[in-house]
Amino acid sequence: MAILAPARQRVTPAYVEPGILIDQAQSSGAFAVLPDGTFKPRLGLADQRVYMNRMGIKTKSTISQDSQNEIPDPDIILGQLECPTYLLQNRAIYNRHETAAAATYGLSTPEILRIALFQANFNQMRDGLLHGIQPEYGEGILNGPNILNTALPADKNGNIGIREQDAGEIATFLLNVIADITARTNQSGRANEFTILGPQRCLKKLETAKIVELTSYQRPGGGTHTVKGTVNKILEDSGEKIFWTYDDTLQNKGTNGADAIIVCLRQFNMKNPFFMPANTNYFGEGNGGLQPINDCSAMYTDATAPVLFITPLPGTSMHMQSEMKITPGWVLRPEAFTIISAFAEAPEKPSDNNNTSNGGGGTKSSEPDPKTKSSEPDLKNTKK
């Protein structure tokens, strides 16, 4: 890792701004798909895999006015999930000359290199969360097994791009996706938290540019709210909320080169909202000392931030190394996820070639069309 600190000239007297203008990268919202919007720092230094036990139940019973000779018993189905761990490492080497050069810009070399190493680690964590380290094994949210993949349908006018589509139809489609997730996970009536994650060029239009239009009937938010405002308002009325977050690595990751938009339920709310005396989910809510896992996805690490090691090297140099052990994005409940393929703008259609061809090719004939009236003067009708 190099520090490029060129020499420069200044005129005095002059005022020098004490701050520094820093190039900006996208602050990814990918981690918002995780429960509580964060990973779990629970790994040990030598852990190679993460295991999670799973349990299901199928109940049976008989009913009659007399005692039965054969009484069925419940089926308890046990299983195990697993996920590998990976070690992220990067380093920086610097010497006293680079330290002195950076100091002329008012910067501390160890500090700016530490920040650079941390950002490299965080970028790799984001890639592992969404795309996996080995995606062919189902790692990463995008590659989770049994996740529902769908596409943003064309609107009533046949438009397929978000920019051209009817905003009200997009809002209705997203609300239907959220309703389907809620029904598949049996979380209706609870205070659920959803996340929608996608590229800026898709979601930003839904947040600011796509105003829900007025139609022959009054749509919620018609004429005043964007797609985001309409979706947020309707979910708020039902006691739910949704987080809109952005990550441009999802560009072109959908079907047929479209962008991928992830809609998910972050975690289950185990509190029974109906207060029924007979709970038909008595087993699933963890009664009897069971400890149910509420998460719909997971990512494990060995620390809350990368671990840094600084050691001296010969020749007045210093070696700085950053490490962090992680798992890739791990889909625990695929029914809580839907991946939407959508185009920010409608793809360009190939232009029609109106030129006539002879055999395998050629250009349009330049001979005049006999049906076209000639612009040359008619000598027969010309008066002498």
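The values are calculated or read from the model by the stated rules, or taken from the named source; none is laboratory data. Being a predicted model, the structure only gives us computed values, none of them experimental. Neighbour counts run over all protein chains shown; Cβ positions are idealised from the backbone, glycine included. The area values use the complete protein model at the heavy-atom level, side chains included, leaving out ligands, DNA and RNA. Shrake-Rupley method; radii C 1.70, N 1.55, O 1.52, S 1.80 Å.
Using equal-weight Cα scatterers in the Debye expression, the normalised intensity of segment 254-329 in log10 at q = 0.12 Å⁻¹ is -0.70.
Remark: for residue pairs Lys156/Lys253; Lys205/Lys241; Lys204/Lys233; Lys156/Lys241, the C-alpha separation exceeds 23 Å in Lys156/Lys253; Lys156/Lys241. For segment 1-123, carbon and sulfur atoms together expose 53% of the accessible surface, with a 1.4 angstrom probe and every protein chain in place.
The sum of -39500 (n - 2.57) across all DSSP H runs of n ≥ 4, divided by the residue count of the chain, sets its helix-only mean residue ellipticity at 222 nm to -5500 deg cm²/dmol.
When the Cα positions of Ile147, Ser188, Asn176 are compared along the charge dipole of segment 110-190, Ser188 comes out farthest toward the positive end, with charges on each C-beta of Lys, Arg, Asp and Glu.
For the pair Asn157 and Glu236, label points projected 7 Å from Cα toward Cβ lie 2.9 nm apart.
Protection proxy ranking, highest mean first, for peptides 184-190, 124-130: 124-130, 184-190, where packing is the per-residue count of other beta-carbon atoms within 10 Å, averaged. Solvent-accessible area of segment 237-280 (1.4 angstrom probe, protein heavy atoms only): carbon and sulfur portion equals 54 percent. As an exercise, use a Förster radius of 45 Å and the Cβ-Cβ distance of Met52 and Thr12 to find the FRET efficiency, rounded to the nearest 0.05. FRET efficiency, Met52 to Thr12: 0.10. Rolling a 1.4 Å probe across the protein heavy atoms gives the chain an accessible surface of 63 Å² per residue. Most simply put, the chain has about 75% antiparallel DSSP beta bridges, counting only bridges with both residues inside it. GNM remark for the chain: springs join alpha carbons under 10 Å apart, and the peak mean-square fluctuation among Glu70, Glu348, Glu17 falls on Glu70.
Charge dipole (Cα centre; +1 on Lys/Arg Cβ, -1 on Asp/Glu Cβ; no other charges) of segment 57-134 amounts to roughly 640 debye. Normalised by 2.2 N^0.38 Å, where N counts its residues, the alpha-carbon radius of gyration of segment 1-103 equals 2.43. Of Gly37, Gly288, Gly29, the residue with the greatest mean-square motion in the GNM of the chain, using alpha carbon springs below 10 Å, is Gly288. For the chain, a crude dipole built from +1 on the beta carbon of Lys and Arg and -1 on the beta carbon of Asp and Glu, taken about the Cα centre, is about 1060 debye to the nearest 20. A viscosity of 1.567 mPa s and a temperature of 4 °C, combined with the Kirkwood radius over Cα pairs in Stokes-Einstein, give a translational diffusion coefficient for the chain of 49 µm²/s. Considering all C-alpha pairs of segment 64-179, those separated by over 23 Å amount to 68%. Springs between alpha-carbon pairs under 10 angstrom, Gaussian network model over the chain: which of Gln267, Gln65, Gln200 fluctuates most? Per the Cα network of the chain with a 10 Å cutoff, Gln65 tops the list. Free of any chymotrypsin sites (Phe, Trp or Tyr not before Pro) that DSSP assigns to a loop and that have at most 14 other C-beta atoms within 10 Å, the longest stretch within the chain is 106-216.
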